[in-house]
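Student: The following block contains the structure, expressed as structure tokens.
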Amino acid sequence: MSKPYTRPLDLKHGLVNLTHGSGGRAMAQLVSELFAAEFANDWLAQGNDQAILPPPGGRIAIATDSHVISPLFFPGGDIGSLAVHGTVNDLAMGGATPLYLSAGFILEEGLPLADLARIVRSMAAAARAAGVAIVTGDTKVVERGKGDGVFISTTGVGVVADGVNLSGDQARPGDVILLSGTLGDHGMAVMSQREGLGFASPILSDSAALHTLAAALMAASPGLLLMRDPTRGGLATTLNEIAQQSGVGMRLQESAIPVQASVRAACEFLGLDPLYIANEGKLVAICPAAEAAAALAALQAHPLGQQAAIIGEVVHDAHQFVRVQTDFGGERLLDWLSGEMLPRIC
Amino acid sequence: MKYVDEFRRGDIARGMAAQISRLVDPAREYRLMEFCGGHTHAIARYGLTGLLPDNIRLIHGPGCPVCVLPIGRVDSAIELALRPDVILCSYGDTLRVPASNKMSLYQARAKGADVRMVYSTNDALQIARDNPHKQVVFFAIGFETTTPPTGLALLQARQEQLANFSVFCNHVLTPPAMRHLLAAGDAVQLDGFIGPSHVSTVIGSAPYAAVAEEFAKPVVIAGFEPLDVLQAVAMLVEQIKQGRTEVETQFSRAVTHEGNQKARQRVAQTMVLRDSFEWRGLGQVPHSALAIHPDFAEFDAELRFALPYRHVPDHKACECGAILRGQKQPQDCKVFGIVCTPDNPLGSCMVSSEGACAAHYHYGRFVQGATA
């Protein structure tokens, strides 16, 4: 059988153009030579407009996420792996085992095909490592100037075992708050790259799939109440969300919250607070006090949770304030993030 | 973290607070103004008020560069930014300052204005080099700390003959504002100042001597770390106890008597004193701001774009003015935390993280219970 495309896609020097989103031959070639080749699995290979999947058993979890990031490549990751990790983690935080992903690409005219191929390969590798199959997708191309290189939307499907009921409204006074590792690594890695800030020690993003860490935690703490990944808005925003959902307050110990020295220094330099900086490979969990030691041990035994710590407890508070006991001996509010984090002027 | 952690040690803070408690005269009140937003931020973030005796009252001053920017000036920046031929470059916090007609530079950006957030004047110069067919305007704001980089940018622009670059100069000066506050007489009763540190690294401690002497108020120039602020309070209480009204430098690790000569020279070369300048909350303050030097007139955005200055009154319900003058505290304002929040600021004190209202809202409002 002859190949439908006379010349292979020039993944070294070619650029995305409007024909790659037109629905015609060029688009079909991009899909088959790049996306289908890299994401290779039986469902995608069928080439239909949908993936028809076997019933997974248990309750179905679904999560969707859109990924917009500049730069597309940053120390420790790129938009491709991030698009997988973000959605896998959204599933995992509900106690689900992630199974399938869909991927929607919005490409900007002029994007080098080499960059796109690098992103797609990274995405495929991240999906394989996380044990999820990218089973369906979509590609659109927008005119130059109307995108930021690549936007990727991913929807994930997973399955939640019977008896697992994690939810943000379950925190109660006396429960213990755990954090799986250092804060702010992703946000500062991206910011230092974007702003061209050459710090002496490069900061790497913590972008990672957390489902095995989450599974280890659930096994160690049968009474686990909730998990959440502190992405945009950081730990502060995540805890405020949970406090509001559960109608409780929280009291944290600043000295217990792990932050890498290089991240702390970079934040200090820019006048930012690491507690508000985005993470892509960390989770916050709340469990009953009686299970806290076992939960902490399980986190610390996992490669992604070696620096896990108990950072505080849930308390009664009609105002649902998250407060921090500072190293300094005072107490302060840890408020919601307001607007955008902005560096100070002087 | 070296040079940071040393100034955030809780054990030393508690010792220092105990020392201050022993020093103070319980029969009187000490009304100390922290001039800088950096101090306000540190006080709120580390909960310093809770460590100090009740009769020490820390009063927020007008030292937040974003807070004191009058609405009329932001309006002008927005007008410039909305011009199709202009790229307006600005430091981050300025983007959120509310101006007339519910506009801000952020809103202007949403309406299509090309507003770029920059970290330094170098970024603005680079944008000018990269966009030769656009007029690139640097919206220069800030105290003496941010003034030398603006001067340097002017020198650089002239050297490169960067014809599409100009500066909208709104730099303000600290000592005249301090003098203005004290000259207001009984309106603000103060016993001393925690003086600005970053500003003083540039201008030195000398310019405050005349203010301290003329108005018989002690000034202690202090760093922005919590232990710096506590030590400054101790030094002020000590001066008051001994009846001295001198300028002392707590921030001796960076501040000298005469400041940074090179930086001052660049400013003198590129900018001149304005006769008067409006400060938000303080009104017109004589000799309190800088304009572009006539030698650099070709880079002066006010001349290039014939920008007129219009006074625009603050929102009626907003108490920013009284707060910046030290007459009121954020929680005294009726709209604080209700209509005016960091997400929807009515006044400038709620915009910058260094503003008195934002600092209190973010870090301290649990003290009085919820105002959310």
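Rule-based calculations on the coordinates, nothing more; no lab input. Remember, predicted model here, so these are calculated numbers, not experimental data. All Cβ positions, glycine included, derive from the backbone under ideal geometry; neighbour counts span all protein chains shown.
Student: DSSP loop trypsin sites (Lys or Arg not before Pro) in segment A:1-95 with at most 11 other Cβ atoms within 10 Å of their Cβ, which ones? Spell out each step's value before the answer.
Tutor: On the way: sites: A:Lys12, A:Arg25, A:Arg59; in loops: A:Lys12.
Within segment A:1-95, the qualifying trypsin sites (Lys or Arg not before Pro) (loop, at most 11 other Cβ atoms within 10 Å) are A:Lys12.
Student: Provide the per-residue ³J(HN,Hα) series for segment B:228-241, in order, calculated from phi with Karplus coefficients 6.51, -1.76, 1.60 and θ = phi - 60°, each as a whole number of Hz, with x at glycine and proline positions.
Tutor: Couplings: 4, 5, 4, 5, 4, 4, 4, 5, 5, 4, 4, 4, 4, 4 Hz.
Student: Quick check: from the Cα gyration tensor, does segment A:175-333 come out rounded (a/c under 1.5), prolate or oblate?
Tutor: Details: a/c = 1.96, a/b = 1.30, b/c = 1.51.
Because a/c hits 1.5 or more and a/b fails to exceed b/c, segment A:175-333 counts as oblate.
Student: Segment A:15-160: Rg/Rh from Cα coordinates, Kirkwood Rh?
Tutor: 0.96
Student: Once you average over the residues of B:90-96, how many Cβ atoms of partner chains fall within 10 Å of each Cβ?
Tutor: 4
Student: So which residue, out of B:Ala27, B:Ala216, B:Ala99, gets the largest mean-square fluctuation from a GNM of chain B using Cα contacts under 10 Å as springs?
Tutor: Evaluated over chain B, the most mobile residue of the options is B:Ala27.
Student: Rounded to the nearest 500, what is chain A's calculated 222 nm mean residue ellipticity when only DSSP H runs of at least 4 contribute -39500 (n - 2.57) each, over all residues?
Tutor: Only helices count here, giving -8000 deg cm²/dmol.
Student: With no solvent and one point on each alpha carbon, what is the Debye value of log10 I(q)/I(0) for the protein assembly as shown at q = 0.07, 0.10, 0.11 Å⁻¹?
Tutor: Here log10 of I(q) over I(0) equals -0.56, -1.06, -1.22.
Student: May I pose another question? Using only atoms on other chains, find how many Cβ atoms lie within 10 Å of each Cβ of peptide A:318-327 and report the average.
Tutor: Going residue by residue through A:318-327 and averaging, the value is 4.
Student: Please arrange A:Ser167, A:Ser262 by counting, for each residue, the other beta carbons lying within 10 Å of its beta carbon, fewest first.
Tutor: Sorted ascending by nearby Cβ count, the order is A:Ser167, A:Ser262.
Student: Among A:Gly234, A:Gly21, A:Gly145, which one moves the most in a GNM of chain A with springs linking Cα atoms closer than 10 Å?
Tutor: Looking only at A:Gly234, A:Gly21, A:Gly145, the biggest GNM fluctuation is shown by A:Gly145.
Student: Another question, then. Helix B:10-23 versus the longest principal axis of chain B: what angle, 0 to 90°, nearest 10, using Cα atoms?
Tutor: Between the helix axis and the principal axis of chain B, the angle is about 60 degrees.
Student: Still on this structure, please answer the following. So for chain A, if I pair up every lysine 8 or more residues apart or on another chain, how many of those pairs have alpha-carbons under 29 Å apart?
Tutor: 4
Student: A further question follows. Could you please rank B:Val267, B:Val312, placing first whichever residue has the fewest other Cβ atoms within 10 Å of its Cβ?
Tutor: Values: B:Val267 23, B:Val312 16.
The most exposed by this proxy come first: B:Val312, B:Val267.
Student: Okay, moving on. How much length is gained on full extension from A:Gln245 to A:Ala28, taking 0.36 nm per residue of separation minus their Cα-Cα distance?
Tutor: Residue separation times 0.36 nm, minus the Cα-Cα distance, leaves 73.6 nm.
Student: Here is a further query. Stokes-Einstein at 25 °C, 0.890 mPa s, Kirkwood radius from Cα pairs: D for segment B:1-315 in µm² s⁻¹?
Tutor: It diffuses with D of about 119 µm²/s by this estimate.
Student: Okay, moving on. FRET efficiency for A:Ala125 and B:Phe215, Cβ-Cβ distance as r, R0 = 51 Å, nearest 0.05? Before the final figure, lay out each step's value.
Tutor: On the way: r = 68 Å, r/R0 = 1.34.
In this case the efficiency is close to 0.15.
Student: Using every Cα-Cα pair within segment B:1-110, state what percent have a distance larger than 16 Å.
Tutor: Summing the P(r) of segment B:1-110 above 16 Å gives 70 percent of all pairs.
Student: Once you put a point 7 Å from the Cα of B:His257 and another 7 Å from the Cα of A:Ala297, both along the Cβ direction, what distance in nm separates them?
Tutor: About 6.6 nm, to one decimal.
Student: If you don't mind, another one. What aspartates and glutamates sit close enough to B:Lys328 to cross-link, taking a C-alpha to C-alpha distance under 13 Å and skipping anything fewer than 8 places away on the same chain?
Tutor: B:Glu319
Student: Quick one: work out the % antiparallel among DSSP beta bridges in segment A:175-333, nearest 5.
Tutor: 80 percent
Student: Can you tell me which of B:159-165, A:272-278 comes out highest on packing, and rank the rest after it, using the mean Cβ neighbours within 10 Å?
Tutor: A:272-278, B:159-165
Student: Another question about this same structure. Roughly how many nanometres apart are two label points built 7 Å out from the Cα toward the Cβ at A:Thr64 and B:Ser276?
Tutor: In this crude label model, A:Thr64 to B:Ser276 measures out at 6.0 nm.
Student: Continuing with this model, one more query. When only C-alpha pairs under 8 Å and at least 6 residues apart count, what is the relative contact order of chain A, in percent?
Tutor: Once divided by the residue count of chain A, the mean separation gives 21 percent.
Student: Another question, then. Once both axes come from the Cα atoms, what is the angle between helix A:185-194 and the longest principal axis of chain A, in degrees from 0 to 90, rounded to 10?
Tutor: 50 degrees
Student: Expressed as a whole percent, how much of the Cα-Cα distance distribution for segment B:319-364 exceeds 15 Å?
Tutor: Taking all Cα-Cα pairs of segment B:319-364, the fraction more than 15 Å apart is 27 percent.
Student: Which residue fluctuates the most in chain B, going by a Gaussian network model with Cα springs under 10 Å, if the choices are B:Asp75, B:Asp275, B:Asp11?
Tutor: Maximum fluctuation in the GNM of chain B, among the listed residues, is at B:Asp11.
Student: Going by how many other beta carbons lie within 10 Å of each one, how would you line up B:Asp54, B:Asp114, fewest first?
Tutor: B:Asp54, B:Asp114
Student: While we're here: Rounding to the nearest 10 and keeping the result within 0 to 90°, find how far the Cα-based axis of helix B:261-270 lies from the longest principal axis of chain B.
Tutor: 40 degrees
Student: Here's something else I'd like to know. For B:Val339 and A:Ala40, what is the calculated FRET efficiency with R₀ set at 41 Å and r taken between the beta-carbons, to the nearest 0.05?
Tutor: With R0 = 41 Å, the Cβ-Cβ based efficiency is 0.10.
Student: Let me ask you something else. Taking the highest mean first, how do the peptides B:284-295, A:214-225 order by number of other beta carbon atoms within 10 angstrom per residue? Intermediate values should be presented prior to the final figure.
Tutor: On the way: B:284-295: 18.2, A:214-225: 19.8.
For the peptides B:284-295, A:214-225, the packing ranking is A:214-225, B:284-295.
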